[in-house]
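The values are calculated or read from the model by the stated rules, or taken from the named source; none is laboratory data. This is a predicted model, so every value here is computed, not measured. Neighbour counts run over all protein chains shown; Cβ positions are idealised from the backbone, glycine included. Surface areas here come from the heavy atoms of the whole protein model, side chains and all, with no ligands, DNA or RNA. Shrake-Rupley method; radii C 1.70, N 1.55, O 1.52, S 1.80 Å.
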Amino acid sequence: MELGRSLRALPELAALGEPGARARLTVISLVDRVSDRPIHGALQNATAVAATADIARRLGCAAGLPVLRIDRLYRDRELRPLELAINHFNPDRYSYRLQLRGRVDHSSPGRDAR
């Protein structure tokens, strides 16, 4: 709650609350600015959900349209939660790409990447 109050007081964050708002900063950089516990990592989950009327209005799409929802839980070095970000993205203007790499197991002959 303390972190949330500190973030809420930042004028940069208030400007991002409007539909269509853009900024050259990230919430991560703001959390690092106001917290004595820096972000060490995050857990992320991506899924598709139907846009509610409010989300549709903010994204400029039709209600009920499948949109991308990404939940990201930022944590400190001790794995304590710092921030939960829930974001929705219009698939007409956003795509999510991830590159995965395999690792070859050299300890046993004939083993493939895991």
Accessible-area order (highest first, 1.4 angstrom probe) of the listed residues 88, 106: 106, 88
Ellipticity estimate at 222 nm from DSSP helix runs (n ≥ 4, -39,500 (n - 2.57)) divided over the chain, nearest 500: -6000 deg cm²/dmol
P(r) histogram, all alpha-carbon pairs of region 35-78 included - 5 Å bins from 0, percent: 6, 22, 18, 13, 12, 11, 12, 7, 1
Overall Cα dimensions of the chain, principal axis frame, Å, largest first: 57, 40, 23
Whole-number accessible area per residue in Å² for the chain, which is evaluated in the context of all protein chains at 1.4 Å: 78
The chain, accessible surface, carbon-and-sulfur percent (1.4 angstrom probe): 51
Charge dipole (the chain, unit charges on Cβ, about Cα centre) - positive-most of 63, 10, 96: 96
Nearest-10 value in Å² for the accessible area of residue 82, using the 1.4 Å probe: 20
